[in-house]
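These notes concern the structure reproduced below.
Nothing in this text is a laboratory measurement; each read-out follows from the coordinates by a stated rule. The structure displayed is predicted, hence computed values, not measured ones. In this analysis, Cβ positions are derived from the backbone assuming ideal geometry, glycine residues included, and neighbour counts consider all displayed protein chains.
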Amino acid sequence: MKPAITVRELKKAYKKNAVLKGVDFTVESGTIFALLGSNGAGKTTIINILTTLIEADGGTATVGGFDVVKSSAKVRQHISLTGQFAAVDDMLTGRENLELIGDLRHVKDSAQTAKALLSKFNLTDAADRRVTTFSGGMRRRLDIAMSLIGTPSIIFLDEPTTGLDPEARNDMWQTIKTLAQSGTTVFLTTQYLDEADELADSIALLHHGKIVAQGTAAELKKLVPGGRVKFTFHEEGQLKAAITLLEKDYEITKGDDLTLTVASGGSTTQVAGLFIRLRDAKLEPADFSQQVPTLDDVFFKLTSNKKEEK
Amino acid sequence: MRALKDTWTMAKRSLRHIVRSPDTIITVLISPIALLLMFVYVLGGALGRQTGSVSYVDFITPGIIIMTVVSGIAYAAFRLNNDIQKGIINRFRTMPVASSSILSGQAMSSTLSNLFSSLLVLAVAFAIGFRTSAGLVEWLLFAGLLALFTLATTWMAIFFGLQAKSAEGAGSFSYILMFLIFISPSFVPTTSMTPLLRGFADNQPFTPIIETMRSLLTTGTAGDKVWLAFGWCVGILVVMYALAIRQYKRKTIVANS
């Protein structure tokens with residue numbers, strides 16, 4: 001199957017400020033792809049280029065097999081965009097918003113399409129109220145429902161859960177998963193690592209206008225030292241002794257209270273070696289636990305490295 | 001065909017906005033009607049001596065109607081800019097919608113609603129003594145000129161609506177048009193102005209439009225400036241349409257975030 005999106009050497013600058021400095025990635029059809037980056041990393045700029053809103057200064061991008069500049073009209077037939085802020089019409093009712101998009105996409109029966117989506121997104125009761133009266137979560141749901149009209153094969157979601165409460169956020173995650181199960185390609189941007197971890201089949205990490213890492217959540221987590229063990233000691237003396245003992249050979253991080261996190265290397269032998277060193281020095285921790293690497297660790301490691309290069 | 005259908009869908013949406021915000025309709029109507037009453041009843045006694053055989057209410061009604069249109073189109077700029085700020089225009093631009101229909105829908109709804117407002121103002125003028133000797137042909141010419149003027153200035157509003165940084169600032173261009181209405185033969189004949197001002201007033205685009213409208217309604221003749229009046233309207237329309245489309249296609253309209 002052809003990839004849903006390919007991006008090669010994409011560059012964009014606003015005046016003299018380079019936002020994208022050569023971005024490359026590929027999104028396979030029917031998968032959820034998360035573009036991860038902090039505020040101002042250039043995520044929205046990439047979405048704007050891929051959805052034909054702005055043109056890049058250099059490089060190429062295809063969406064649904066079509067070039068975003070040369071065949072923008074074809075691209076628009078395959079995509080829908082849900083922007084960072086719910087782009088819904090406040091003066092219309094929920095139903096009218098859906099029917100408007102249905103009419104513009106020339107679906108056979110916009111009234112019926114609107115009705116089905118209102119029920120699917122739990123908005124039937126509020127259907128004939130003006131959107132001004134909707135809560136943030138309801139606006140988001142309506143926004144997504146509007147994006148599904150005309151069954152686009154690739155859906156762009158720009159920070160879909162920013163500003164949502166935990167419950168609404170969970171609902172959104174379920175919606176995104178259901179979409180992907182039905183074969184739709186989902187391209188989402190997020191600044192939340194747990195969101196990318198929870199949803200995405202593939203994650204690309206955007207930092208200072210470049211992709212600094214790409215892969216599955218598991219692959220990315222391998223980029224940070226594994227086999228980290230967190231020890232808690234009974235008293236300060238023991239903790240200091242442990243630091244003196246281990247700091248030459250291991251990467252250690254002193255935590256709050258009496259805790260110490262040690263990167264042992266990952267294999268069973270290496271973890272066992274760490275414990276033996278402690279036992280031989282007659283240091284007995286009160287407690288220990290294994291630390292699973294999170295995307296946060298990956299993110300901080302990769303982004304702090306990049307800063308040092310500068 | 002598709003573009004026409006999309007234009008109508010867009011115009012319907014925009015008309016719903018207008019009907020659902022009665023406060024904007026009132027704001028559009030209130031200042032021209034108040035000015036009409038003030039000029040006729042407060043200043044009319046003094047100014048009416050300048051207008052010769054034409055009664056003062058007959059004299060100023062065309063200018064008041066032009067003023068109604070100018071205050072109405074400011075809201076078209078406001079609405080368009082508001083759609084940009086809220087990301088609604090961007091949503092449309094990523095859809096397979098004929099791109100001309102997004103702007104043309106606004107132009108259509110603005111023209112229709114402003115013609116309706118003009119009709120209401122005309123009704124008030126009739127109620128306070130406005131009388132006309134225009135026949136059917138003159139009325140049709142008057143309506144045609146008014147519609148063309150509204151369409152042309154609406155495209156001006158669309159251009160400024162696309163350019164403005166905020167919805168609140170989008171309508172400010174209409175102050176310049178208001179200024180053009182005052183420095184024209186709308187309220188007093190230009191012969192009573194200082195020579196410098198008169199030179200400007202006699203040659204600016206609103207003058208032939210207002211004089212032709214007045215001539216059609218009061219004497220029932222088109223007058224000698226009818227071609228100039230239509231010419232200015234077509235010229236403004238063509239230039240503003242081209243500018244608006246160019247601005248739209250620059251693809252730099254991104255909502256503030």
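Of all beta bridges that DSSP places with both ends in chain A, some 65 percent have antiparallel geometry.
Ellipsoid semi-axes for segment A:1-148, based on the Cα gyration tensor and the rule √(5λ), read 32, 18, 13 Å when sorted largest first. Spin-label model, residue B:175/residue A:125: points 7 Å from Cα along the beta carbon direction are separated by 4.8 nm. Amide H contacts for residue A:213 (H built 1.01 Å from N in the peptide plane; partners 5 or more residues away or on another chain; cut-off under 5 Å): A:205. Here the residues A:1, B:67, ranked from fewest to most Cβ neighbours within 10 Å of their Cβ, fall in the order A:1, B:67. Measure nothing but the geometry: give the 0 to 90° angle between the long axis through the Cα atoms of B:56-85 and the longest principal axis through the Cα atoms of chain B, rounded to 10°. Tilt of helix B:56-85: around 10 degrees.
Computed on segment B:2-249, with alpha-carbon pairs under 8 angstrom and 6+ residues apart, the relative contact order is 27 percent.
The mean of 1/r over all distinct Cα pairs in segment A:228-292, once inverted, gives the Kirkwood hydrodynamic radius of 11.6 Å. Per-residue 3J(HN,Hα) values for segment A:63-76, derived from phi via the Karplus relation 6.51 cos²θ - 1.76 cosθ + 1.60 with θ = phi - 60°, read 10, x, x, 10, 5, 5, 9, 6, 10, 4, 5, 5, 4, 4 Hz in sequence order (x marks Gly and Pro). With viscosity set to 1.002 mPa s at 20 °C, what whole-number translational diffusion coefficient in µm²/s follows for segment A:88-138 from Stokes-Einstein and a Kirkwood radius over Cα pairs? Diffusion coefficient, whole number: 198 µm²/s.
Taken one residue at a time, the phi angles of segment A:232-248 give Karplus couplings (6.51, -1.76, 1.60, θ = phi - 60°) of 10, 9, 6, 8, 3, x, 5, 4, 5, 4, 5, 4, 4, 5, 9, 5, 5 Hz. Gly and Pro are set to x. Between residue A:170 and residue B:242, the C-beta separation translates, for a Förster distance of 51 Å, into a calculated FRET efficiency of about 0.50. Partner shielding of B:13-23 amounts to 2, given as the average count of beta-carbon atoms from other chains within 10 Å of each residue beta-carbon. Global size of segment B:1-78: 17.7, 56 Å for Rg and Dmax (C-alpha atoms, Rg to one decimal, Dmax whole). With the largest listed first and rounded to whole Å, the semi-axes of the equivalent ellipsoid of segment B:128-257 from the Cα gyration tensor are 32, 18, 13. As a length-normalised measure over Cα pairs under 8 Å and 6 or more apart, the relative contact order of chain A settles at 19 percent. By how many degrees, between 0 and 90 and to the nearest 10, does the Cα long axis of helix A:166-181 differ from the longest principal axis of chain A? Compared with the principal axis, the helix lies near 70 degrees. Write down Rg/Rh for segment A:162-310, rounded to two decimals, with Rg from the C-alpha atoms and Rh from the Kirkwood relation over Cα pairs. Rounded to two decimals, Rg over Rh is 1.08. Taking Lys and Arg as +1 and Asp and Glu as -1, the other residues whose beta-carbon sits under 13 Å from that of residue A:10 total +1. Qualifying trypsin sites (Lys or Arg not before Pro) in segment A:67-127, where qualification requires a DSSP coil assignment and no more than 14 other C-beta atoms within 10 Å, comprise A:70, A:108. In this Cβ point-charge picture (+1 for Lys and Arg, -1 for Asp and Glu), segment B:2-249 has a dipole of about 920 debye about its Cα centre. Over segment B:1-148, the fraction of Cα-Cα pairs per 10 Å bin, rounded to whole percents and listed from the shortest bin up, is 10, 34, 28, 17, 9, 2, 0. The alpha-carbon atoms of the protein assembly as shown, seen along their principal axes, cover 118, 52, 45 angstrom, with the largest extent given first.
Annotation for segment A:211-241: GluC sites (Glu not before Pro) lying in DSSP loop with at most 12 further Cβ atoms inside 10 Å of their Cβ are A:235.
Between residue A:77 and residue B:249, the modelled label-to-label distance comes to 2.2 nm, taking each label 7 Å out from Cα in the direction of the beta carbon. Whole angstrom only: what separates the Cα centroid of segment A:71-106 from the Cα centroid of segment B:141-161? Taking the Cα centre of each part, segment A:71-106 and segment B:141-161 sit 29 Å apart. Computed log10 I(q)/I(0) for segment B:186-257 at 0.24 Å⁻¹: -1.06, from the Debye equation with unit scatterers placed on every C-alpha and solvent omitted. Using a Förster distance of 25 angstrom, determine the FRET efficiency expected from the C-beta separation of residue A:151 and residue A:294, and round it to 0.05. The value I calculate is 0.10.
For the segment A:81-91, counting C-beta atoms of other chains within 10 Å of every residue's C-beta and taking the mean gives 6.
Taking all pairs of distinct Cα atoms, average 1/r, flip it, and tell me the Kirkwood hydrodynamic radius of chain B in Å to one decimal place. Kirkwood hydrodynamic radius for chain B: 19.0 Å.
When B:225, A:12, A:2 are sorted by how many other C-beta atoms sit within 10 angstrom of their C-beta, beginning with the fewest, the order is A:2, B:225, A:12. Under conditions of 10 °C and 1.306 mPa s, chain A yields 72 µm² s⁻¹ as its translational diffusion coefficient, taking Rh as the Kirkwood radius over Cα pairs in the Stokes-Einstein equation. Against chain A, whose longest principal axis is taken from its Cα atoms, helix A:110-120 shows a tilt of about 30°. The residues B:216, A:283, A:239, when put in order of fewest to most other Cβ atoms within 10 Å, stand as A:283, A:239, B:216.
Residue-wise HN-Hα couplings along segment B:239-247, as the Karplus relation 6.51 cos²θ - 1.76 cosθ + 1.60 with θ = phi - 60° gives them from phi, are 5, 5, 4, 4, 5, 5, 5, 5, 4 Hz; Gly and Pro carry x. Here r is the Cβ-Cβ distance between residue B:234 and residue A:198 and R0 is 60 Å; the resulting FRET efficiency, rounded to 0.05, is 0.50.
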